[in-house]
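The values are calculated or read from the model by the stated rules, or taken from the named source; none is laboratory data. This structure is a prediction, so every number in the text was calculated from the model and none was measured. FYI the Cβ positions are ideal-geometry reconstructions off the backbone, even for glycines, and counts take in every protein chain you see.
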Amino acid sequence: MKGKKVYIAGRITGISRIEAIKKFGEVEKDLEEKQATPFNPLCLPEGFAWEDYMEICLSAVNRCDTVVMLDNWTSSKGAQVEYGHAFKNNKDIYFYKDGNYTKQK
């Protein structure tokens, strides 16, 4: 993923901030080591409405080449929306689990 801008998508709402930071941070660090530019939505400040976050995040997906779906994405309404948006806009989509990336066919 060298040189790619990569959006990280996964569940944030409904899990502890510490758990979210761990999951997103692990992938962010790995992508940086692969010389990609990750967009981690946890960098956004707290206190906005869910709809505001989605507007910002979908804009970030538009600007990224690739989207990485964390293993908890199916239990997140927002990550499901991000997946659908990425798919519709022909972004490369990878699924991340246990340190491995699997590209969607």
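Suppose the filter is under 22 Å from Lys2 (Cβ atoms) and either in contact with a helix residue (DSSP H, G or I) (Cβ under 9 Å, 6 or more places away or on another chain) or modelled with pLDDT under 95 (or both); does Val81 pass it?
Criteria not met by Val81.
Which numbered condition trips up Ser76, out of (1) touching a strand residue (DSSP E or B) at 6+ places or on another chain (Cβ under 6 Å); (2) at pLDDT 95 or above?
With (1) touching a strand residue (DSSP E or B) at 6+ places or on another chain (Cβ under 6 Å); (2) at pLDDT 95 or above applied to Ser76, the lone miss is (1).
Within the set of pairs 6 or more residues apart or between chains, which connect a residue that is closer than 19 Å to Met1 by Cβ and touching a residue at least 24 places away in the same chain (Cβ under 8 Å) inside segment 54-66 to a residue that is surrounded by 17 or more Cβ atoms within 10 Å (Cβ to Cβ) and among the β-branched types (Val, Ile, Thr) with Cβ atoms less than 8 Å apart?
Val61/Val67; Cys64/Val6; Asp65/Val6; Thr66/Val6; Thr66/Ile93
Restricting the search to segment 30-64, which residues are under 23 Å from Lys105 (Cβ atoms), of a type in the set (A, V, I, L, M) and part of a helix (DSSP H, G or I)?
Matches in segment 30-64: Leu31, Val61.
Go through segment 70-89 residue by residue and tally those that are surrounded by 16 or more Cβ atoms within 10 Å (Cβ to Cβ), hydrophobic (A, V, I, L, M, F, W, C) and more than 17 Å from Tyr53 (Cα to Cα).
1
Of these, Val27, Val67, which one is assigned to a strand (DSSP E or B), buried (at least 20 other Cβ atoms within 10 Å of the Cβ) and under 12 Å from the mean Cα position of the chain (by Cα)?
From the options Val27, Val67, the qualifying one is Val67.
Being surrounded by 13 or more Cβ atoms within 10 Å (Cβ to Cβ), touching a helix residue (DSSP H, G or I) at 6+ places or on another chain (Cβ under 9 Å) and not hydrophobic (A, V, I, L, M, F, W, C) is the filter here, so list the residues in segment 1-24 that pass it.
Lys4, Lys5, Tyr7, Gly10, Arg11
Could you check, for segment 68-85, whether at least one of its residues is touching a Phe, Trp or Tyr at 6+ places or on another chain (Cβ under 8 Å), more than 20 Å from Glu26 (Cα to Cα) and among the aliphatic types (A, V, I, L, M)?
Looking for residues that are touching a Phe, Trp or Tyr at 6+ places or on another chain (Cβ under 8 Å), more than 20 Å from Glu26 (Cα to Cα) and among the aliphatic types (A, V, I, L, M), one finds none in segment 68-85, hence no.
So Asp92 clears everything in (1) over 14 Å from Leu31 (Cβ atoms); (2) surrounded by 11 or more Cβ atoms within 10 Å (Cβ to Cβ); (3) modelled with pLDDT of 95 or more; (4) among the charged types (D, E, K, R) except one condition, right? Which one?
Asp92 satisfies all of (1) over 14 Å from Leu31 (Cβ atoms); (2) surrounded by 11 or more Cβ atoms within 10 Å (Cβ to Cβ); (3) modelled with pLDDT of 95 or more; (4) among the charged types (D, E, K, R) except (1).
Residue by residue through segment 1-40, note down the ones that are of a type in the set (Ser, Thr, Tyr), over 15 Å from Asp65 (Cβ atoms) and in contact (Cβ under 8 Å) with a residue 24 or more places away in the chain.
Scanning segment 1-40 gives a single hit, Thr13.
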